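Just so it is clear, none of the values below were taken in a lab; they were calculated from the coordinates. Keep in mind it's a predicted model, so treat the numbers as computed, not measured. Neighbour counts are summed over all protein chains in view; Cβ atoms, including those assigned to glycine, are modelled from backbone coordinates with ideal geometry.
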Amino acid sequence: MPAPGRKKLLRWTLLILLCVILVAGAMYLIERAITKIPPEILVAELRDACRPRGPTEINEQERRAPSEISRDLARLGPPAVPALKQALKDKDIDVRVCAAWALGEIGPPAVPALILALKDQESDVVRSHAAHALSQIGPGAKDAVPALIEALKDKEEDVRSSAARAIVGIGPPAVPALIQALNDEDSHVRSRAAMALGYIGPAANEAVPALIQALKDGDNSVRFRAAEALAGIGPAAKYAVPALIHALKDKYDLAQIAAAKTLGKVGPAAKDAVPALIEALNDREGNARGCAAWALGAIGPVAKDAVPALIQALNDIEGGLRSLAADALGKIGSAAKDAVPALKELLKDVSKEVRDAAQAALKKIQSPPPGPPGR
């Protein structure tokens, strides 16, 4: 590059660098200026910003947006908590909502104030925002778990959902309280508690005994959610296999399906469930046939006793079941060699999904076993 060109590039580079430094400096000064504003002043500004303007007031453009003021309050950090706690008592719902948001951004020091907001008697919107703010804080909001479990009883679905998400966000620290909640007199609480345990996943393995008991609950939704929760916990739920076998005959179809799915998630440790899953697969009036086929495949080679039933399922009228049966046979592997003729026939199936599943299964069944390491 000619010397004049290099000098021009250098000038532009220096100019851009100077602009970046100036912007960063300005942001720093603004940040410093904000932190010097007493939080009570910002809360007063927030109240004013949320107040509807009258027809004679013309300075609307001079008023900052509530969201901007809320961000400034959040930047103040813990020193703003007392003022925001007072703002949670404001008669204006918008002020209370903004205060809840700012508290959530501040983090763990704001948890006691947000627990109070969960009990806002006038507005479900405020209660929902408080629960959401606690979910943003995550494990640092563990002290709010009892209040959040109480919020699972809220009359408004939005609040119940936000509370459940907050409990999941808190994670493992919430597990002991959720186990207790499985015995709550309110079926909605029991159901949401089971669901939360499932979302927490393997870290909730200490809940397995309580979830086994929940599989016997008198409420359909609780039994279904308990079975799903055990699926979320995965292989650690192997001690639930006998109860899940029983659940395959549950009167509630979703509970049956969830039980079959969970047995598959447990994997080879669920081999004792193979006869019951074969029965579920053969039950043409049942609702868990597809999940039973999938579960047998997920259990793997130890489910080889299911091969004849899975071969039969390859002829089912439902394409989805044919595909799942083929996939299961492939996962069972070489022990499913008796299925090869039927799978080859399935390569002519009208459904591409079924043909692809048959092709993949044949490859797995007919592939030679891997040799010893290093060969």
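Observations
- In sequence order, calculated HN-Hα J values of region 149-155 (Karplus, 6.51, -1.76, 1.60; Hz; x Gly/Pro): 5, 5, 5, 5, 8, 4, 6
- Loop sites in region 149-244: GluC sites (Glu not before Pro), DSSP, at most 11 other Cβ within 10 Å: Glu185
- Nearest-ten-degree value, helix 66-76 long axis tilted from longest Cα axis of the chain: 90
- Virtual spin-label span in nm between Asp92 and Leu116, 7 Å along Cα→Cβ: 1.9
- Our summary gives region 272-368 a relative contact order of 25 percent, counting only alpha carbon pairs under 8 angstrom and 6 or more residues apart.
- Derived scalar couplings ³J(HN,Hα) [region 295-304; Karplus, 6.51 cos²θ - 1.76 cosθ + 1.60; whole Hz; x for Gly, Pro]: 5, 4, x, 5, 5, x, x, 5, 9, 4
- When you filter the trypsin sites (Lys or Arg not before Pro) in region 238-342 for DSSP loop state and at most 11 other Cβ atoms inside 10 Å of their Cβ, you are left with Lys251, Arg284.
- Region 171-247: C-alpha gyration tensor shape, a/c 1.5 cut-off, then a/b vs b/c: oblate
- Among Ile212, Ile137, Ile365, residue whose mean-square fluctuation peaks in a GNM of the chain (springs only between Cα atoms under 10 Å): Ile365
- Quarter the surface of the alpha carbon convex hull of region 272-368 and you get the mean projected area, 5.2 square nanometres.
- Overall form of region 211-307 per C-alpha gyration tensor (a/c, 1.5; a/b vs b/c): oblate
- Percentage relative contact order, the chain, counting C-alpha pairs under 8 Å, at least six apart: 7
- Summarising the amide proton neighbourhood of Leu118: residues at separation of 5 or more, or on other chains, whose placed amide H is nearer than 5 Å comprise an empty set.
- Inter-centroid distance (Cα atoms) of region 205-273 relative to region 84-104, Å: 42
- The lysines within cross-link reach of Lys153, meaning a Cα-to-Cα straight distance under 22 Å and a gap of 8 or more places when in the same chain, are Lys119, Lys142, Lys216.
- Size descriptors for the chain, from the alpha-carbon set: Rg then Dmax equal 29.8, 88 Å.
- Karplus-based coupling profile of region 213-229, in residue order and whole Hz: 5, 5, 5, 9, 4, x, 9, 4, 5, 5, 4, 4, 5, 5, 5, 5, 4, with θ = phi - 60° in 6.51 cos²θ - 1.76 cosθ + 1.60 and x standing for Gly or Pro.
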